[in-house]
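Here the structure comes first, spelled out in structure tokens, and everything after it is commentary.
What follows is calculated from the coordinates using simple rules that are stated; it is not laboratory data. None of the values given here were measured: they were computed from a predicted structure. With ideal geometry, Cβ positions are generated from the backbone for all residues, glycine too; neighbour counts draw on all protein chains shown.
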Amino acid sequence: MKGIVFTEFLEMVEDKFGLLTLDKVVEENKLASGGAYTAVGTYDHAEMVLLVTNLSKEVNVPVGDLLEVYGKHFFDVLLQSYPSFFQGVKSAFQFLSSIENHIHVEVLKLYPDAELPSFDISQVDDKTLKMVYHSERKLAAFAKGLIEGCIAYFKEDIQVEMKALKEDHSVVEFRLHKK
Amino acid sequence: MSEEKEALKRLLKRERKARKDSEKILEEKSLELYQANQELKALYSSLENRYQKIVEQANDIIYRGNESGHCIFVNTVSEKILGFKKEEILGKHFTDLVIAEDQEEVINFYLKQRADKKENTYKEFRVHNKAGEIVWLGQNVSLIIENGEILGVSGVARDITKQKQAEIALKRSEEKYKRVIANMQLGLLEVDPDGLVVKAYERFCEMTGYSEKELMGKDPSTILTDPLSKELIDGKHELREKGLSDVYEVKCKRKDGQTIWLMISGAPRYDSSGNYVGSIGIHMDVTEQKKLMHQLESAKAMAEESSKAKEDFLAHMSHEIRTPLNAVIGMTHLLEDTEISEEQEDYLTTIKYSSEQLLHMVSDILDISKIESGELEFHHTPLNLKELLEGQVASYAIKAQKKNLEVRLDWKADFDQIVEADQKYLNQIFANLLSNAEKFTDKGSIVVGVELVSENEKTVSLAFHVKDSGIGMTTEQCSRIFESFQQADYNTSVRYGGTGLGLSIAKHLVELMGGNIQVKSELNKGTTFTLLIPFYKSAEHANQLKDKKLAHDISLCGMSVLVAEDNPVNQKFIKKLLEKFKVSYTLAEDGKQCLEKSRIQKFDILLLDINMPEINGYEATKIIRETKNPNQNSPIIALTASALLNDREKAFSVGMNEHLTKPFSPVQLKQILGKYHQAAETLTLDFDEEYLEDLYQGDQEFEIEMLTVFLKNGPEDFENLKNSVKKQNWEQAYQLSHKMKPTFKMVGLSQLEDKMGKMEWMSENKRDELATFFEKNKKPFEQAFEKVKSRLKTISSML
């Protein structure tokens, strides 16, 4: 997993829960990386799972909620770091439809070793977009946060339904309803 | 607080580690980038080497110029082509090398390329090499344009000196030949594929009177020729396009209006790459030749006309001479039959001899003119050669008796068959040779020898020798004797007379028969003419021929003939002959009378003079053949004084059957009459419906009455006639035949009226032959009675 996901996560933990919580979350377990992350590095995604689980215990918030919040935060990070992704894009549906064929293609140019989830995206009707998430990382909640972040950015009133198509949450369906 | 301090310390430691980690990653990345860069550099340089090599190994100068056109790169080929080293060229403008004469043009050309921003151009020009010699370059220049701005040029220049030199040499040699042609007074003109003038050479302009300026870009055929010739010339363009050349003549008009004839040798033109670019014409003024040719043609026409005039004159003359001669000879024959004194008989013999000689000469002259104009025609009949020669020899033997000369036939040929030959001309050949021999031989003999040369199923070749022991000739004289109007020498004609045509005619005739004639002679010893003549064998045998001749002699009597002749002397001659042959005749004094008589009575044969007043023989024949009359199908014989082929053809074309040239001999007339008399006897028995229609005007009751009367008396009268002929009761036979004659016409059987008429005539004039004639002809009369019976039946049943 790309280093930026770790560095941004730890920054958010420090911002939202303070230095001591961050220290606990990082120092709780013996991590291979020793908790020292750089955005240009690449790390085992299991460390991320461990960090989130630790935070969940510490602040008593479910892992899913934490990942969703982090997703929303990470969308803002992306927005600021890569404004070119958003040039000429007018709506959430338009942006989300282009993830697989545009955003991920651009990401792979910068980080050829990035392990990205894949999405099957289809527009059911004018007001409904279906996105099916596939990833062995099983971080659908993180993805949901990113989607919510996107909707918020375009200031649209869209409801997101999430339904696991596989029990282990490696395949999850998102249904986006425009109101 | 210390807890926070500890946490911060740990955070700091983590951040330091993260920094070091990231620095390490960056170092690795930068190393990676460096190596990738190195690899790329190596790749680029190997590519560059490769291209450099290509550039250096090229045969053409390859260079780059900067924005202003100054050289910033050039390959080493330049040294090879121009002698300048790379360094000497770099920084120079390429136009610096262009020779002075080409410079302005070249600079303007490339300025225009830049102004038009034309990406690629090609131009040929001359430059100086380092040694100062001229080198031809063919240069491709491409502009390097980026965002509409010219950044520089790239050029490829090829040394084309050799091609250019070859081109120039070719052009020079072309010019050289064109100059040569111009010096030969031949006018050259070059046109493009559309036929428009691209170059007119001086001599052509002189010929036509137009300047090159006036001709340029124009269609010369429109300017110089009439529409007819234009069509001809347009056709020539198509030929040129196909790569074909030819020569023709055209009538042209000069600028000053004068007409000239040009002989044009046209050929297609091609450029150095072999593309068709029009045609070139070499013009020769043949006006003078044309004039000459025209003069020759009219001279030829005049010559032909005068030859025709000569022919006409001969024919006319022969007619004019023969007509009175005919009368003289005819009258002589008749005079001989009258009672005359011995003295008168002597005079008569002289008249006869002289007129025959004269006729002979006229015939010779006419013959030679016929031979020369190719109008002579052979009429082949079966004939016995041996008999013919025996006759000839016998007649000359009598003549030669006075000189005590022996004339004999020495027939050594083992051949006695009948051959197909023209009797008249074969006789003429031998008569000419024998009379010639007789004329020049005073003692000794004249021998006609005959030998068989070759024989096959169809043909036979015989050699005839006419050998005399006369005065002979020198070799020089021998060589001339076959020429027209030539005799051995002038003295000969003075001493022996003659026209000198006989041998010439004989030679021509022999040759026309497919044979040849040769002469061998020794002065004072004699002359031998040797003839070799091929013949076709006849299908008839000697005996058959004899029977035929006999039959002719018998069957003439009882014929009815219409003679149309205006000349009283000729009338008299023919009348006497016909009486001699015991042939009944009717005389018509002119064409009009001839038509009248031919409408009334049916004749076995009609003898028509061609030159008659009012209606001539041709016109009369036409009318007889084209209108209903009893003689519509009767044989008609033309009597003319002219033997020309044209007259014969004309006679046949109007429907005449035969042609008899006056003066004719009694035998000739007899032969013709005999021929048609036999034909007449085979006539079929038919009612003349048209005559009956005229006679009875459709009144069938009247016809029935007439037929009944005919049948009541006819058979009985005929039976009585038969008896009277048997009993030689001529008086009764005459009365009966006289009575019966018109009745046959009344029932529409005019053929039998003729026959009965003959019997009537015979019962008075030819009683000894009447019985034979009656026996021979009784059958049609008996048939006639049966025919009339059935006709009566048919008509009665219709009423």
For B:Phe73, the net charge from surrounding residues (Cβ-Cβ under 10 Å; K, R +1; D, E -1) works out to +2
Going residue by residue through the stretch A:86-92, the Karplus relation 6.51 cos²θ - 1.76 cosθ + 1.60 with θ = phi - 60° gives ³J(HN,Hα) values, rounded to whole Hz and with x marking Gly or Pro, of 9, 5, x, 8, 9, 8, 4
Given backbone amide H placed at 1.01 Å from N, residues whose amide H is under 5 Å from that of B:Ala421, ignoring those fewer than 5 places away on the same chain, are B:Thr381, B:Leu383
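Sorted from fewest to most neighbouring beta carbons within 10 Å, what does the list B:Arg172, B:Arg10 look like?
B:Arg172, B:Arg10
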Computed about the Cα centre, the charge dipole of the stretch B:212-311 from +1 Lys/Arg and -1 Asp/Glu charges at the Cβ has a magnitude in debye, to the nearest 20, of 140 debye
At the level of C-alpha centres, the distance separating the stretch B:281-323 and the stretch A:145-178, in angstrom, is 123 Å
In the stretch B:602-638, the trypsin sites (Lys or Arg not before Pro) that sit in a DSSP loop and have at most 11 other Cβ atoms within 10 Å of their own Cβ are B:Lys628
Once the dipole of the protein assembly as shown is set up from charges on Cβ (+1 Lys and Arg, -1 Asp and Glu), the residue from the list B:Gly472, B:Ile107, B:Leu358 lying farthest towards its positive end is B:Ile107
Between the alpha carbon centres of the stretch B:127-162 and the stretch B:1-31 the gap in Å comes to 65 Å
Restricting to Cα pairs under 8 Å and 6 or more apart, the percent relative contact order of chain B works out to 6 percent
Mean Cβ-within-10 Å packing, highest first, puts peptides B:610-621, B:299-310 in the order B:610-621, B:299-310
The stretch A:114-155: relative contact order from alpha carbon pairs under 8 Å, six or more residues apart, as a whole percent, is 28 percent
Simple SL model, points at 7 angstrom along Cα→Cβ for A:Ser118 and A:Thr53; separation in nm is 2.8 nm
For A:Glu156, the net charge from surrounding residues (Cβ-Cβ under 14 Å; K, R +1; D, E -1) works out to +2
Ranked from fewest to most other Cβ atoms within 10 Å of their own Cβ, B:Met317, A:Met162 fall in the order B:Met317, A:Met162
Helix B:700-726 sits off the longest principal axis of the Cα atoms of chain B, rounded to the nearest 10 on a 0 to 90 degree scale, by 60 degrees
Rounded to the nearest 10 degrees, the helix B:591-600 long axis (Cα) sits at an angle to the longest Cα principal axis of chain B of 70 degrees
B:Gln295 and B:Asp717 label points (each 7 Å along its Cα→Cβ direction) are spaced in nm at 8.4 nm
If B:Phe535, A:Phe85, B:Phe430 are placed from fewest to most neighbouring beta carbons inside 10 Å, the sequence is A:Phe85, B:Phe430, B:Phe535
Quick calc, chain A, dipole around Cα centre from Cβ unit charges on Lys, Arg (+) and Asp, Glu (-), nearest 20 debye, gives 440 debye
With a Förster distance of 45 angstrom and the Cβ-Cβ distance between B:Gln518 and B:Lys628, calculated FRET efficiency to the nearest 0.05 equals 0.15
Per the charge dipole of the protein assembly as shown (beta-carbon charges, Lys/Arg positive, Asp/Glu negative, Cα centre), the residue among B:Ile615, B:Gly155, B:Ile72 reaching farthest to the positive end is B:Ile72
Once phi for every residue in the stretch B:578-590 is put through the Karplus expression 6.51 cos²θ - 1.76 cosθ + 1.60 (θ = phi - 60°), the whole-Hz ³J(HN,Hα) values, with Gly and Pro written as x, are 5, 5, 4, 7, 6, 10, 7, 9, 10, 10, 10, 7, 8
Taking Lys and Arg as +1 and Asp and Glu as -1, residues besides B:Leu388 with C-beta under 12 Å from its C-beta add up to -1
Treating only Lys and Arg (+1) and Asp and Glu (-1) as charged, each at its beta carbon, one finds that the protein assembly as shown has a dipole about its Cα centre, in Debye to the nearest 20, of 1160 debye
Helix B:666-681: inclination vs chain B longest Cα principal axis, degrees, rounded to 10, gives 80 degrees
In this structure, among A:Lys2/A:Lys130; B:Lys213/B:Lys290; B:Lys171/B:Lys236; A:Lys16/A:Lys155; B:Lys178/B:Lys199, pairs with alpha-carbon gaps over 21 Å are A:Lys2/A:Lys130; B:Lys213/B:Lys290; B:Lys171/B:Lys236; A:Lys16/A:Lys155
